[in-house]
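Report on the structure given below.
The values are calculated or read from the model by the stated rules, or taken from the named source; none is laboratory data. Since the structure is predicted, the reported quantities are computational estimates derived from the model, not experimental observations. With ideal geometry, Cβ positions are generated from the backbone for all residues, glycine too; neighbour counts draw on all protein chains shown.
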Amino acid sequence: MRLARELTSALVRHSPARAAFAACWFPTAVGLYLLLVAGLRTLVARSLMFDESEQLALSQVLALGYGTQPPLLIWAAWCAVAVFGVSSSTILGLRFVVLGLMYAGLYSCGRSLGGSCHRAALAAAAALLVPALSWDFVLDKTNTPAACAMAAFAVAALVNAVGTGSRRAAVSVGLIVALGILSKYTFVPFVAGLVSAALTVPEYRQWALSRRGAVAALTALGVILPHAVWVVANRAELADGITHSITDRPERTLGRLVLSAVDVAVMSFGVTLLAFAWLASQVFRRGSERPAQRLLGRALVMAGVAAIAVVVLAGGTRFKPHWFTPLAVLLPAYLVSRLGETPDASRAARRLGAVLGVLVVGVAVLAGAVGTTDWLRQGLELRQRDRIAAEVASAVPAHASLVCESLRDAGNLRHAHPRSAIAVLGTPESARPTLLDGAVLVWDASRSDAVPETTAESLARDHGLRPDPTAAVRFVGEAITRDNPRARRLGVVRLTRD
């Protein structure tokens, strides 16, 4: 019997089917997970969410910049729409491709840190311990997942470049860094932390100060330069928008900064640290850290300090979790890479994998509840937006040009009217589509029937238009009242030239 068991084990271990399964099980698992979250996203809301709306609304024009968000994802949306047409499926497909790239990047990062295929897969899956990834990315977000993907690929590319010493690898480092900056400006503190960490590790300091490091820097600069020139030309407008994003609270107090910092720590890192607390003896073993692990560990600390410094020096009133999400999703990869190959560590890794499986099932059940019931307020609000988007679409002529206050409204209206030119107030001139005569304004009329003065001023400044005083105004949705504080109503009125 013992001989039979050993023979069977040897045959299974070396069988082609087992080898094929070992090679493709992780991409297959990621593909199935993406299909699951795509179905949940469709169940939760038919209309486009914020990042999706932004990309569909602004991808009408191919420009060097579109506002306070960098342009990479909008360029990608422009290409996707040109190939597949204007539809929610196009934008959702783009978003889930980005999610897939993020998991691929985390897997590559895990492999570069010296882990086996199974440990690299665990490093990628352990990012689900970050609530932003396991929940927010299911419903919305494209720019932040892209930044997370590029952060993971940047670590893997840098480790590979130092290991091989090739010029091609150095070019890939510069290209990935540039794409990360073009995907989200909050990627910049991560790059600063990664470069600073590299200068503290001898193997990486030697590379960074060599010709290969210069090649990487010049490659990144060459890719970023056109957009950087546009940023300099529009710096006043961008500075106002970015400052407003950082200081979107009435006043700055030490208490608010501290409370927001605690919120970031809990929401971004709390679950990860709690899950790995019982593995501390396996993770923090003396003398077991490789140079690549030392690089990533120091990069996470230094990038966090850089992000905090940016907010404080810019006069920020609070910290926001999504500024630290690239660091949060790389922390599990670092911790998994520190696990040893002892039997205890292997058992702990399997238990962590089981916890992640339970987490995926729990998120699926919760997202289904949000999409099909009203016991969570989020589901009710999303269905309200679906209904309003459909009502506005029926109130606007099929080929009319539209001007919107909100990016989200603009994206959903472009989805409903794919042949119409749809402009968004506050976008730079180079990113605006050409409006035809008979344009229509869509604005938030939840609190008042009148067009806000700031909206009227933006219309006149950006487009030379004003609401037609002789035209009838139509409202869809519900006005805010004491009994209905979360109501939403949109106003629709024809525009005329000044």
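Observations
- Residues of the range 37-82 satisfying the condition of being part of a helix (DSSP H, G or I) and touching a His at 6+ places or on another chain (Cβ under 7 Å): Leu56
- Unique residue being farther than 20 Å from Trp278 by Cβ, surrounded by 15 or more Cβ atoms within 10 Å (Cβ to Cβ) and either under 25 Å from the mean Cα position of the chain (by Cα) or modelled with pLDDT under 75 (or both) when the list is Gly315, Gly368: Gly368
- Matching helices (runs of 4 or more DSSP H) fully within the range 139-199 where at least 3 residues are over 19 Å from Gly110 (Cα atoms) and either in contact with a Ser or Thr (Cβ under 8 Å, 6 or more places away or on another chain) or not assigned by TED's automatic domain parsing to the domain that holds Leu296 (or both): 167-183
- Counted residues, the range 453-481 - those being within 19 Å of Ala423 (Cα to Cα), surrounded by 14 or more Cβ atoms within 10 Å (Cβ to Cβ) and touching a residue at least 12 places away in the same chain (Cβ under 8 Å): 9
- Given (1) at pLDDT 80 or above; (2) surrounded by fewer than 16 Cβ atoms within 10 Å (Cβ to Cβ), number of the condition Leu335 does not satisfy: (2)
- Pairing residues of the range 225-242 that are assigned by TED's automatic domain parsing to the domain that holds Tyr185 and under 14 Å from Ser430 (Cβ atoms) with residues that are modelled with pLDDT under 80 and not hydroxyl-bearing (Ser, Thr, Tyr), at Cβ distances under 9 Å and at least 6 apart in sequence or on separate chains, gives Val231/Leu238.
- Output for the range 192-207, where each listed residue is surrounded by fewer than 18 Cβ atoms within 10 Å (Cβ to Cβ) and either basic (Lys, Arg) or closer than 24 Å to Pro70 by Cβ (or both): Ser196, Arg205
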